[in-house]
Amino acid sequence: MSKEKKKDTLLSSIERVLAPGHFIAYGASWTFIEGLERIKSQLDNLVTKGGAVRAVKLYELFIAGCCEKMEEIDDSIGNMGMFFESLFCSWVVARQSAHLDSGETINQILKMMDNDEYGLCYKIENRLSAILGEKEIDRFEEKIRRRFKECFSKESKDVKTIYDFSSDVRNNADILKAIYAARKKSEEYISLCEKIGITPKDCEAIAHIYRAEKRYEQALYFAGKGLDLEKEGGWPNHSGFELSDLKRELLSVLGRRGEALQTAWQEFVQSPSEYSYEELLKYVPKKDKESWRSKAVAVAQKESLDSGIIGLLIKIKEFNILSERIFSAAHNELECLGYYALKEAAKELSKNHYAAAAKIYRAMGMEIVNNGRSKHYKYALYNFENTKKLYGKANIEKEWLSMVEIMRKKHSLKYSFMKDFEDIVSGKSLEKEPSFLEVASERWRKQIS
């Protein structure tokens, strides 16, 4: 088969998988993207087998086709955007493999970013900065720096924060920051921030650069600066989410574990959970773990019951305290808590704390029924079956009978559900709740039948 024939075949495959003229609904988008991924994989293989020159043109047609398709797809979940980013980067790699002009590559990248109607190139500079060659990224940086300088020169002199600058200034600054972070140009990054203002996210990026260079004191300074800025609040899209953990790591590296421990404790007290507890334990000396565990328990006993406290008490295996907290909570309070935390708590408490476990199963079942989530009624029934069983083990059947009375008064019009519920009341057992494997296998059978 000739190369031209192969090219025609691949081009036909691209056209077929993009299905021009056919709208892709939300529910069909996953399958649609899988089809795109399969064709992209063929193009990627073409590059590795020496067909980079041919692949470049096919990537370009594929990219253009994806842009056209944006009017014909519900991409609410953003899968098309993620696929496009991967496709775009593969195109760049193909141009590199084909030894095409690097200046032309950068010019075309910038044109694509400028003419991006659908946000497909949003933040793509983060990945590009990691794959561009030395000459390419030099050109990229130079062109963006010129753009920034031009639009920055037109700005009013009395702007106060980064949010006061025009979108052109902000966008070009963001691209420059991504380049500086990738190239570990801390001085250039700081100089740019001096022009437009520094944010917590900037501090985090600069701290990461210094940490990579083992300049820990400088990294610590910017981590602390970022945290101070966070306290001021109001940083949409510019918060530094790793600053606290980063600061503790740096303190530890610098031999200041006591300070790291103190900040971890402060954050735990502010937001106690299994995750903040795990972070705390990173800095607790082994010999002191039990005393710090006791301090964590004391905090958990004082805080309002929420998913974080439940997860924490499970983590530290304080099931007696967890049982007491559950049993003293109002029914409607439990119904508002997170499902996954409650499910794990019910599983653990079912072993020895029957009344508390029953109350959790009741809450999980009631939450489903009270909100009319009919597709999940079968799960509510399993929860109620466990509720009855555990109230019986706890010898407090009156709680079960009280719940039955509430169900009959409040949900009598849910005929199909109430019929199954009355079967539970009368003692008839439901079929065993299917496992995830069983549910997934049945779904697969339906998909392929």
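The values are calculated or read from the model by the stated rules, or taken from the named source; none is laboratory data. Keep in mind that what you see is a predicted model, and the values were worked out from it rather than measured. Glycine gets a Cβ as well: all are built from the backbone with ideal geometry, and neighbour counts include every protein chain shown.
Taking only region 282-326 into account, find how many residues are under 27 Å from the mean Cα position of the chain (by Cα), buried (at least 17 other Cβ atoms within 10 Å of the Cβ) and farther than 24 Å from Lys351 by Cβ.
Residues meeting the conditions: 1.
In region 72-112, which residues are small (Gly, Ala, Ser) and at negative phi?
Within region 72-112, Ser76, Gly81, Ser86, Ser90, Ala94, Ser97, Ala98, Ser102, Gly103 meet the criteria.
When you check Asp174 against the structure, is it part of a helix (DSSP H, G or I), within 26 Å of Ile77 (Cβ to Cβ) and among the acidic types (Asp, Glu), yes or no?
So Asp174 fits the description; yes.
Rundown of residues vs (1) surrounded by 12 or more Cβ atoms within 10 Å (Cβ to Cβ); (2) at pLDDT below 95; (3) within 29 Å of Phe62 (Cα to Cα); (4) aromatic (Phe, Trp, Tyr), yes/no style:
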residue: Asp114; (1), (2), (3), (4): no, yes, yes, no
residue: Ile131; (1), (2), (3), (4): yes, yes, yes, no
residue: Arg145; (1), (2), (3), (4): yes, no, no, no
residue: Ser153; (1), (2), (3), (4): no, yes, no, no
residue: Ser156; (1), (2), (3), (4): no, yes, no, no
residue: Glu194; (1), (2), (3), (4): no, yes, no, no
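Quick grid of which residues meet (1) over 15 Å from Ile175 (Cβ atoms); (2) among the charged types (D, E, K, R):
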residue	(1), (2)
Ala52	yes, no
Ser90	yes, no
Asn115	yes, no
Ala130	no, no
Arg139	no, yes
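What pairs come out if I take residues in region 339-356 that are within 19 Å of Ser307 (Cβ to Cβ) and pair them with residues that are of a type in the set (Ser, Thr, Tyr) and part of a helix (DSSP H, G or I) whose C-beta lies under 6 Å away, six or more apart or interchain?
From region 339-356, the pairs are Ala341/Ser307; Ala346/Tyr361; Leu349/Ser323; His353/Ser323; Ala356/Ser323.
The rows are residues; the columns are (1) more than 30 Å from Tyr340 (Cα to Cα); (2) among the basic types (Lys, Arg); (3) surrounded by 21 or more Cβ atoms within 10 Å (Cβ to Cβ).
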position: Glu213; (1), (2), (3): yes, no, no
position: Lys225; (1), (2), (3): yes, yes, no
position: Glu232; (1), (2), (3): yes, no, no
position: Trp235; (1), (2), (3): yes, no, no
position: Ser239; (1), (2), (3): no, no, no
position: Ala264; (1), (2), (3): no, no, yes
position: Glu267; (1), (2), (3): no, no, no
position: Gln270; (1), (2), (3): no, no, no
position: Glu278; (1), (2), (3): no, no, no
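On the basis of being over 32 Å from the mean Cα position of the chain (by Cα), surrounded by 14 or more Cβ atoms within 10 Å (Cβ to Cβ), modelled with pLDDT of 95 or more and closer than 29 Å to Leu100 by Cα, does Leu11 make the cut?
Judged against the criteria, Leu11 is not a match.
Within region 111-127, is even one residue assigned to a helix (DSSP H, G or I) and either of a type in the set (Phe, Trp, Tyr) or over 32 Å from the mean Cα position of the chain (by Cα) (or both)?
No, that holds for no residue.
Kindly indicate whether any position in region 163-172 is crowded, with 21+ Cβ neighbours inside 10 Å, under 25 Å from Met82 (Cβ atoms) and without any contact (Cβ under 8 Å) to a residue 60 or more places away in the chain.
yes
List the number of the failed condition for Ser102; all other conditions in (1) surrounded by fewer than 19 Cβ atoms within 10 Å (Cβ to Cβ); (2) in contact (Cβ under 8 Å) with a residue 24 or more places away in the chain; (3) of a type in the set (Ser, Thr, Tyr) hold.
For Ser102, the exception is condition (1).
So which helices (runs of 4 or more DSSP H) stay within region 368-449 end to end and still have 1 or more residues that are surrounded by 14 or more Cβ atoms within 10 Å (Cβ to Cβ), under 29 Å from the mean Cα position of the chain (by Cα) and at pLDDT below 90?
Helices (runs of 4 or more DSSP H) meeting the threshold: 377-393.
Is there a residue being more than 23 Å from Ala341 (Cβ to Cβ) and not in a helix (DSSP H, G or I) anywhere in region 285-301?
For region 285-301, residues more than 23 Å from Ala341 (Cβ to Cβ) and not in a helix (DSSP H, G or I): present.
Where residues in region 37-91 are touching a Phe, Trp or Tyr at 6+ places or on another chain (Cβ under 7 Å) and hydroxyl-bearing (Ser, Thr, Tyr), which of them is modelled with the highest pLDDT?
My answer is Ser90.
Please work out which one of (1) in contact (Cβ under 8 Å) with a residue 24 or more places away in the chain; (2) farther than 30 Å from Ala260 by Cα is the condition His376 fails and give its number.
The one condition His376 does not meet is (1).
Name the pairs: first residue in region 121-139 and at positive phi, second residue of a type outside the set (Asp, Glu), Cβ to Cβ under 9 Å, at least 6 apart or on different chains?
Close Cβ pairs satisfying both conditions: Lys123/Ala178.
Out of everything in region 159-168 that is more than 14 Å from Thr199 (Cβ to Cβ) and in a helix (DSSP H, G or I), what residue ends up being nearest to the chain's Cα centre (by Cα)?
Ser167
For region 182-209, enumerate the residues that are of a type in the set (Val, Ile, Thr) and not in a helix (DSSP H, G or I).
If the condition is that a residue be of a type in the set (Val, Ile, Thr) and not in a helix (DSSP H, G or I), then Ile198, Thr199 are the ones that fit.
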